[in-house]
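The values are calculated or read from the model by the stated rules, or taken from the named source; none is laboratory data. Because the structure is predicted, anything quoted here is derived from the model rather than measured. Here the Cβ positions follow ideal geometry from the backbone for every residue, glycine too, while neighbour counts run over all protein chains shown. In case anyone asks, the SASA skips ligands and DNA or RNA and just uses the protein heavy atoms, side chains included. Shrake-Rupley method; radii C 1.70, N 1.55, O 1.52, S 1.80 Å.
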Amino acid sequence: MGIFNVDIMMTSCGPRLLGVNARMGGSYLRLWIRLIYNVDLFHLALMCACGICPMLLSGSSSLEEGQGDSGGDQNAGITQENGKNSDKGYILGIKLYPSRHAHTLATTASPQQLQVLDQEGHVIFFEHDGDTTSKTGSFKKPCFSLAVQASNVLEAKSKLVSVCTKLGLETEESLIEVLSDFELSS
C-alpha cells in the first residue's frame, strides 16, 4: 500500500502510459489534489511510510485539520457530503517557461501580479523550483504554473483561455489548440 504516480501522454491514438512510479506526483499536483478532493497526498504517503493505514481514518487527511482515528471509513481523506465525494470541480492550467513567457512575466503577468490574483481567488499560482531566469533554448523546465478552477471542464477551459489572453501569456488560438482534447467532457 502506498502513494504512486502515473504519467500518461495524449497521442493521436489516445492516451499512452509513460510510467508508474512508487512516489507521489510532484510539482503542483499536491496542491491541486488538495483543492479538488481535500486530500493531502504527502500526509497520506508519510502515514503509509510509518505503517499507519490511512483507510482506517475518517475525515480529511489534511495536516491542518488534524483528524483523529475513528476507524472504518473506506473513503479516508475525502470529505463526505450527503454520501457523495465533495469534489470541487475541475482545475485546468498551463506551465510557464522562461524561454517562452519571459517578456510577459516581466511585464503584464509578473510573479507578484500572479500572486495577487492567486490570493484573490482568480487563479491558482504555483512557483516551481529551479532557475527562472534562463530565457534561451527550448522549453526545458517550467518556472511557474497557472491554473483556474471551475465547476466543469468547458467552464475551466473558457476561464483559462480568458485569463491567459488578458495577461498576454498565450493567444486564444494557441490555447484552443492545446485544450481541444478537453472538449470531450463537461
Residues that are under 15 Å from Ile124 (Cα atoms) and open to solvent by 40 Å² or more (accessible area, probe 1.4 Å), drawn from region 159-174: Lys159, Ser162
Those residues of region 160-178 which are over 21 Å from Gln113 (Cα atoms) and of a type in the set (D, E, K, R), in sequence order: Glu173, Glu177
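In region 1-29, how many residues are touching an Asp or Glu at 6+ places or on another chain (Cβ under 7 Å) and modelled with pLDDT of 85 or more? Step through it out loud before you land on a result.
Of all residues in region 1-29, those touching an Asp or Glu at 6+ places or on another chain (Cβ under 7 Å) come to 10, 18-19.
The next check asks that each one be modelled with pLDDT of 85 or more; those that pass are 18-19.
The qualifying residues number 2.
Could you check, for region 36-43, whether at least one of its residues is modelled with pLDDT of 80 or more, open to solvent by 80 Å² or more (accessible area, probe 1.4 Å) and either closer than 30 Å to Ile8 by Cα or in a loop (DSSP other than H, G, I, E, B) (or both)? Talk me through it step by step, then tell me what you get.
If we filter region 36-43 for residues that are modelled with pLDDT of 80 or more, which is where we start, we get 36-43.
From what is left, the residues that are open to solvent by 80 Å² or more (accessible area, probe 1.4 Å) are 37, 42.
Within this subset, residues satisfying the condition of being either closer than 30 Å to Ile8 by Cα or in a loop (DSSP other than H, G, I, E, B) (or both) are 37, 42.
Yes: region 36-43 contains one or more residues that are modelled with pLDDT of 80 or more, open to solvent by 80 Å² or more (accessible area, probe 1.4 Å) and either closer than 30 Å to Ile8 by Cα or in a loop (DSSP other than H, G, I, E, B) (or both).
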Any hit, region 85-92, residues being modelled with pLDDT of 90 or more and polar (S, T, N, Q): no
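Here's the yes/no breakdown for (1) open to solvent by less than 40 Å² (accessible area, probe 1.4 Å); (2) modelled with pLDDT of 80 or more:
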{"position": "Ala49", "(1), (2)": "no, yes"}
{"position": "Gly66", "(1), (2)": "no, no"}
{"position": "Gly72", "(1), (2)": "no, no"}
{"position": "Asn75", "(1), (2)": "no, no"}
{"position": "Pro98", "(1), (2)": "yes, yes"}
{"position": "Ala106", "(1), (2)": "no, yes"}
{"position": "His122", "(1), (2)": "no, yes"}
{"position": "Phe125", "(1), (2)": "yes, yes"}
